[in-house]
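The values are calculated or read from the model by the stated rules, or taken from the named source; none is laboratory data. Source: prediction; values computed, not measured. For neighbour counting, all protein chains shown are included, and Cβ atoms are generated from backbone atoms with ideal geometry for every residue, glycine included.
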């Protein structure tokens, strides 16, 4: 990008250095090259913007993939912990199952014993005691047996309840595990989709980069060939430029010499152009004038022209500026010598835009008029004033 800007700046400077060749091939090539450089800069800006957008999308996808990876890691950790908990619960279940079987076995033996002895025989055995002490002993013994039987029955019930609770907990954990595995699989599928999208974006970015590099190489190649051509054209046209400048210098010197020596065409009457305005804008003509009511008369050596706003003052004929400055009664003034003792006077100016001894051509700008005031113009030959209306076109 900097290369293109530098390139445009250099060739813009070259264009400014050779204004006289504006119609030549070299300048046209320079202008074309500047336009192409600007177009290339616009294209590169668009390409760089596209590349930045792609990089932003790539970065966004990479962040999303990392987020998925983090979530998957968390879920896998949870799955692992759930699986470990499930193994422990299953181990407890196995123990509970063994304990339940053991208690069932004890209870079965007790039931068989009770069935064989029968409750009636137990009562008869207690009542068949020889004395009261024997009765109390037998009663206490049988009470303890009944208590133990009750304990076995209660522990069996608890074992059964714990076994059922453990089975429910295992079922719940298995459901939770299945749900976690499903969520994890969904996350993995989404991550795979993002990775595919990221791969496509990388491929697209690579293609963009390749295309951009190709454009830069093509522009550099074109720049090189155009520089070479321009250099050749400038080298070839430099002589032509020097000749044009030399011819113009000679013509100008010739005109100045003729004006200074008076050797110019004497028939310049009716060839002078109006410096400003036209005949219908003349408010004070050449000769005697004044205000009758006040019995005031004065002699006008030229004409006064009314102007709207501030306008450019044009040189009436080719000549040399012989005076530029301020003069009482005239204000800011410019006097131009046209040869053969013919001069024109441009007075009451707001600004003077020419220099002393400067060669000026017909229609060149000498200055500007004072806004909404009269402009004064004189023609003098052999120091005598002439009626401008007889000389102007």
Scan 176, 195, 232, 223 and give me the residue that is out of contact with any helix residue (DSSP H, G or I) (no Cβ under 7 Å at 6 or more places or on another chain) and either modelled with pLDDT of 75 or more or assigned to a helix (DSSP H, G or I) (or both).
232
Residues (in contact with a strand residue (DSSP E or B) (Cβ under 9 Å, 6 or more places away or on another chain) and either more than 21 Å from residue 363 (Cα to Cα) or surrounded by 14 or more Cβ atoms within 10 Å (Cβ to Cβ) (or both)) located in segment 323-332:
324, 326, 327, 329, 330, 331, 332
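Quick one: in segment 285-307, which of the residues that are more than 27 Å from residue 340 (Cβ to Cβ) and at pLDDT 90 or above is surrounded by the most Cβ atoms within 10 Å (Cβ to Cβ)?
Pass one, segment 285-307, residues more than 27 Å from residue 340 (Cβ to Cβ): 288-298, 306-307.
Okay, now just the ones that are also at pLDDT 90 or above, so 306-307.
Values: 306: 16, 307: 19.
Ranking the qualifying residues of segment 285-307, first place goes to 307.
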Within segment 257-273, which residues are outside any strand (DSSP E or B) and at pLDDT 75 or above?
269, 270, 271, 273
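Out of 168, 189, I need the residue that is closer than 30 Å to residue 95 by Cα and either part of a helix (DSSP H, G or I) or within 25 Å of the chain's Cα centre (by Cα) (or both). Which one? Spell out the reasoning first.
On the way: 189 fails: closer than 30 Å to residue 95 by Cα.
Residue meeting the stated conditions: 168.
Any residue at all in segment 55-63 that is more than 44 Å from the chain's Cα centre (by Cα), free of Cβ contacts under 8 Å to residues at least 60 places away in the same chain and assigned by TED's automatic domain parsing to the domain that holds residue 208?
no
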